[in-house]
Amino acid sequence: DELFRFDLVIFGDVDPRRITRLQMQNLNEFVSRFGGAFIMVAGKRYSPAKYRGTPIEQLLPIEFNPSIGDTAQEAVADKAIKLELTTAGRESTMLQLSDRPGENIRLWRELPPVYWIFRVLRAKPGAEVLLVDPDPLKATRFGPMPVVAVQQYGLGQSLFVGTDNTWRWRRNVGDRFYYTFWGQIIQRFSL
């Protein structure tokens, strides 16, 4: 009953030992059967790696890379990663940093880099990839590695943000792009 007071549930780097299997199943049903929304922001300790094989994994619009275990990945964050909009990302209202398409693409190119992303194999079939890591060394046979992906899951929707570094977009501009990004996502998923 408490879950149904919400439209959207957001997980950051949540330790799955704090959540029972029944709570995970309830969250899965909240999205799939009752039209709720779920967002997971990847973290270096738990999310999403420690959710492998749980009802939460089923919600995610990404597939784990089987060659990488469920331990923290590349916790050293010393290499700049410039994210790139996909065609779907350029068209998504959630990722509009400007009302003018050309300026929106330019702003995304000029955003400060992130320094850590969770390595995934690919987006699930039917999911839409909005942002990728264009590094060919991280690409798989499925293409560039997804960093932000969204999918319809039953009656609801889920979104995966594969980095906990979006705060870096505040550099030299304050909260302008950070708030726009998260505000538009939350608004869309709360409807």
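With the condition kept exactly as written, say whether any residue in segment 86-96 is among the acidic types (Asp, Glu), under 13 Å from the mean Cα position of the chain (by Cα) and either under 28 Å from SER32 (Cβ atoms) or assigned to a strand (DSSP E or B) (or both). No; the residues of segment 86-96 include none that is among the acidic types (Asp, Glu), under 13 Å from the mean Cα position of the chain (by Cα) and either under 28 Å from SER32 (Cβ atoms) or assigned to a strand (DSSP E or B) (or both).
Suppose the filter is open to solvent by less than 50 Å² (accessible area, probe 1.4 Å) and not β-branched (Val, Ile, Thr); does TRP182 pass it? Yes, satisfied. Listed by first and then second residue, the pairs with beta-carbon distance under 7 Å, at least 6 apart or on different chains, first residue in segment 127-150 and closer than 10 Å to ILE62 by Cβ and touching a residue at least 24 places away in the same chain (Cβ under 8 Å), second open to solvent by 20 Å² or more (accessible area, probe 1.4 Å) and assigned to a loop (DSSP other than H, G, I, E, B), are VAL129/THR86; MET145/ARG119; MET145/LYS138; MET145/ALA139; VAL147/LEU83; ALA149/ALA127. Every test in (1) of a type outside the set (A, V, I, L, M, F, W, C); (2) over 19 Å from TRP169 (Cα atoms); (3) modelled with pLDDT under 95 is passed by ASP78 save one, and that test is (2). Checking each residue in segment 101-152 for being part of a loop (DSSP other than H, G, I, E, B), touching a Lys or Arg at 6+ places or on another chain (Cβ under 9 Å) and within 16 Å of GLY89 (Cα to Cα) picks out LEU111, PRO134, PRO144. If you go through segment 136-149 one residue at a time, do you hit one that is charged (D, E, K, R) and at pLDDT 95 or above? No: zero hits.
The values are calculated or read from the model by the stated rules, or taken from the named source; none is laboratory data. Owing to the predicted nature of the structure, the values given are computational and were not obtained by experimental measurement. Neighbour counts run over all protein chains shown; Cβ positions are idealised from the backbone, glycine included. The protein model used for the area step is the full one, side chains on, heavy atoms only, and it has no ligands, DNA or RNA in it. Shrake-Rupley method; radii C 1.70, N 1.55, O 1.52, S 1.80 Å.
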